[in-house]
Amino acid sequence: MVRTHTEETERALVHKLGQPLDKMARRINAMRKAFPEATVHGYEWMEAGLECDPKDRHVLAAAVASGASILVTTNLKDFPEDACDPHEVVVVHPEQFLFTLLNEDTPACAEAIERDATRKSRPRMTTQDLLAGITDIAPTFANTMHQVLLAGAEPSSDIPALVAAPAENSPATAWSKSPNPKDPFHVALSWWTALGERGT
């Protein structure tokens, strides 16, 4: 059986992220419509000769077959440089990729965020809602873009990366109610707070 990226995306959205089937189908269709050239075929023969993690060889193979120079993923450890360099593919985290775009053309990034937010109808979204949705993988970008869209207004939080997140979803809210010593963010926030109190 030939595995397709569409099938893998569907499995990830439904089984890993808990997306409803109808919402998943709309997202797949929207992705195909917005970015048809992202569909890659005929890469399977390359997989056997790649040195990255076996379960992710199809991803690198598709990148090489399409002539991509950048592979954007949060799973950096499974794509080591020695496996990607021979194919002139650079692997970057979404946060790094988004910041590169932001630095290269800030107005275009802001316009893209605003345009995407206005297209959301189920449910309707503001730019703040949209940015809050990516704080898990790109918190500093979300915060920075939020400040760009505010056009110089003062942030509503002194804690970087939390401006765009609704208060009830903020990690800081969970920390204030019940600090978890095993959560790296909670440990860092406790340390930061202690330093602030020490300096007063």
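The values are calculated or read from the model by the stated rules, or taken from the named source; none is laboratory data. Only a predicted model underlies this, so the values are computations on that prediction, with no experimental measurement involved. Ideal geometry is used to build each Cβ from the backbone, glycine not excepted, and the neighbour counts take in all protein chains shown.
Data for the structure
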{"quantity": "Verdict on Ala12 being in a helix (DSSP H, G or I), within 21 Å of the chain's Cα centre (by Cα), surrounded by 12 or more Cβ atoms within 10 Å (Cβ to Cβ) and modelled with pLDDT under 90", "calculated": "yes"}
{"quantity": "Extreme residue, nearest to Leu71 (Cα to Cα), among residues of segment 87-112 that are touching a residue at least 24 places away in the same chain (Cβ under 8 Å) and either loosely packed, with under 13 Cβ neighbours inside 10 Å or among the aliphatic types (A, V, I, L, M) (or both)", "calculated": "Val89"}
{"quantity": "Of the criteria (1) surrounded by 13 or more Cβ atoms within 10 Å (Cβ to Cβ); (2) out of contact with any Phe, Trp or Tyr (no Cβ under 7 Å at 6 or more places or on another chain); (3) touching a residue at least 24 places away in the same chain (Cβ under 8 Å); (4) farther than 19 Å from Ala38 by Cβ, which one Asn143 fails", "calculated": "(3)"}
{"quantity": "Whichever residue in segment 41-86 is of a type in the set (Asp, Glu) and touching a Phe, Trp or Tyr at 6+ places or on another chain (Cβ under 9 Å) and, among such residues, is nearest to Pro139 (Cα to Cα)", "calculated": "Asp56"}
{"quantity": "Unmet requirement for Asp129, which otherwise passes all of (1) part of a helix (DSSP H, G or I); (2) of a type in the set (D, E, K, R); (3) more than 19 Å from Leu150 (Cβ to Cβ)", "calculated": "(3)"}
{"quantity": "Residue check, Thr73 in contact (Cβ under 8 Å) with a residue 40 or more places away in the chain, closer than 30 Å to Val148 by Cβ and polar (S, T, N, Q)", "calculated": "no"}
{"quantity": "Qualifying residue in segment 80-98 (condition: over 26 Å from Thr144 (Cβ atoms), modelled with pLDDT under 85 and acidic (Asp, Glu))", "calculated": "no"}
